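Before any comments, here is the structure.
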Amino acid sequence: MHIVVIGGGVIGLSTALRLSEDGHRVVVHDPALGKGASWVAGGMLAPLSEGWPGEHELLHLGAASLARWPDFARRLPGPSVFSATGSVTVALDSADAADLRTIAEWVGEQGHELEILGRAQLRDLEPALAQNIRLGLLAPTELSVDNRALIAALEQGCLDAGVEFVASSVDALPDADQVVLAAGSRCSALWPTLPVRPVKGEILRLRRRPSSAPPPHRIVRGTVHGRPIYLVPRGDGLVVGATQYESGEDTQVTVAGVRDLIADAERLMPSIGEYELYETAAGLRPMSPDGLPIIGRLDENVVVATGHGRNGILLAPITADAVAALISGDALPEAKAATPERFAHIERTP
């Protein structure tokens, strides 16, 4: 079939590569390939440590995609895109410590491996962390990827597979056997009843200086004054993120955002002040009302894959498989919770 994928972020590129591997002729439309939310992502593949009682569907979807990641990455050209193995979520006060124990118990009941670490164990594991951290939650099977290396690998893989790229935006659904809407929050411009909105997120990229302490080996996550903060290792330093604002299409980095990220990161890793701050950036996450992505058929010619929020990179492999199944006339059972049918107001015509 002739398939047009609208959107060239990680979701669009992963889907295009998967469909091309299935033998379809695939064309990707995006005016700035890979330069949207995917370009400023942290790259965490961490669905287990973010689990919470009652959020079964999100946990199962994320865990199913995490399990697909090793094979997905092996099929990409070039060097490995992984930047870290394992994650540690830390608690700075008693309330956070209680939350970590709740997560460990509930996620463990779902069959996943998590381990509570005391202060001494945590310091042995990651010496750069602050001495006043009370407790840690280790998820040894979680991963992180270098998002920009991933975009480059996906683009090259698509080119190798014969995918065509068109550097332009799309104002109306094109004529094709099948169309895949994978343009993040911009999907609602082409299908107005899709309940997807942009949520701004700011990140910092830090580079280790010769005099700086080594960065953590694992993803480090925590909460400071109610704000989530994460440190994700990269080859030359760290990515620190991420703020979250309901601010429409605004992608400007704010002084307050940078201030809070640096201050919160220092609470987890005091030596981070010695690092070089070499980039600040903001992107627009596509959020759905219930936090789950929207992956499914809108009509006989249009499939949607959007609403991934903060989990676009994590969910790329399972999204690509789900879209490929829909194109072939089937459905992927693991992605059932992401069906558009859960939103009754989505019209079947744009």
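The values are calculated or read from the model by the stated rules, or taken from the named source; none is laboratory data. Note that the coordinates shown come from a computational prediction; the quantities given were computed from them, not determined experimentally. Counting neighbours? That spans all protein chains shown, and the Cβs are built from the backbone with ideal geometry, glycine included. For the accessible areas, the whole protein counts, side chains as well, though only heavy atoms, and no ligand, DNA or RNA atoms are used. Shrake-Rupley method; radii C 1.70, N 1.55, O 1.52, S 1.80 Å.
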Near pairs, Cβ below 6 angstrom, 6+ apart or cross-chain, from region 74-98 (over 21 Å from G237 (Cβ atoms)) to any residue that is open to solvent by 60 Å² or more (accessible area, probe 1.4 Å) and not aliphatic (A, V, I, L, M): P77/Q156; A91/R134; A97/R134
Answer residue from region 217-245, given it is in a loop (DSSP other than H, G, I, E, B), more than 18 Å from the chain's Cα centre (by Cα) and not small (G, A, S) and is farthest from G201 (Cα to Cα) among those: H217
Criterion violated by V303 - all others in (1) of a type in the set (A, V, I, L, M); (2) open to solvent by less than 20 Å² (accessible area, probe 1.4 Å); (3) in contact with a Ser or Thr (Cβ under 7 Å, 6 or more places away or on another chain) satisfied: (3)
Sole residue being at negative phi and part of a helix (DSSP H, G or I), chosen from W52, W69: W69
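Yes or no: L58 open to solvent by less than 10 Å² (accessible area, probe 1.4 Å), on the phi < 0 side of the Ramachandran plot and among the hydrophobic types (A, V, I, L, M, F, W, C)? Quick ask: steps written out before the conclusion?
Working: open to solvent by less than 10 Å² (accessible area, probe 1.4 Å): no; on the phi < 0 side of the Ramachandran plot: yes; among the hydrophobic types (A, V, I, L, M, F, W, C): yes.
For L58, the condition - open to solvent by less than 10 Å² (accessible area, probe 1.4 Å), on the phi < 0 side of the Ramachandran plot and among the hydrophobic types (A, V, I, L, M, F, W, C) - is not met.
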Checklist (1) open to solvent by 20 Å² or more (accessible area, probe 1.4 Å); (2) within 24 Å of the chain's Cα centre (by Cα) applied to S49, failing item: (1)
For G36: the one exception among (1) over 24 Å from Q244 (Cα atoms); (2) modelled with pLDDT under 95; (3) surrounded by 21 or more Cβ atoms within 10 Å (Cβ to Cβ): (1)
Residue selected from region 110-120 under the condition surrounded by fewer than 14 Cβ atoms within 10 Å (Cβ to Cβ) and over 16 Å from G62 (Cβ atoms), by the criterion farthest from the chain's Cα centre (by Cα): A120
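Residues of region 38-54 being of a type in the set (A, V, I, L, M) and either in contact with a helix residue (DSSP H, G or I) (Cβ under 6 Å, 6 or more places away or on another chain) or free of Cβ contacts under 8 Å to residues at least 24 places away in the same chain (or both), which ones?
Just the residues of region 38-54 that are of a type in the set (A, V, I, L, M), to begin with: 40-41, 44-46, 48.
Of everything in region 38-54, those that are of a type in the set (A, V, I, L, M) and either in contact with a helix residue (DSSP H, G or I) (Cβ under 6 Å, 6 or more places away or on another chain) or free of Cβ contacts under 8 Å to residues at least 24 places away in the same chain (or both) turn out to be A41, L45, L48.
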Test: residue in region 282-299 that is surrounded by fewer than 20 Cβ atoms within 10 Å (Cβ to Cβ), at pLDDT 95 or above and part of a strand (DSSP E or B): yes
The one condition in (1) without any contact (Cβ under 8 Å) to a residue 60 or more places away in the chain; (2) within 22 Å of A176 (Cβ to Cβ); (3) not in a loop (DSSP other than H, G, I, E, B) that T319 fails to fulfil: (1)
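When residues of region 88-103 are filtered for being under 26 Å from P215 (Cβ atoms) and open to solvent by 20 Å² or more (accessible area, probe 1.4 Å), how many remain?
Within region 88-103, residues that are under 26 Å from P215 (Cβ atoms) and open to solvent by 20 Å² or more (accessible area, probe 1.4 Å) number 4.
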Cβ-Cβ under 7 Å pairs, at least 6 apart or on other chains, region 322-350 side modelled with pLDDT under 95, far side of a type in the set (S, T, Y) and surrounded by 12 or more Cβ atoms within 10 Å (Cβ to Cβ): H345/T193; I346/T193; E347/T193
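Of all residues in region 316-347, how many are of a type in the set (K, R) and surrounded by 22 or more Cβ atoms within 10 Å (Cβ to Cβ)? Lay out the reasoning, then the answer.
Step one: filter region 316-347 for residues of a type in the set (K, R), giving 336, 342.
Checking which are surrounded by 22 or more Cβ atoms within 10 Å (Cβ to Cβ) leaves us with none.
Total satisfying the criteria: 0.
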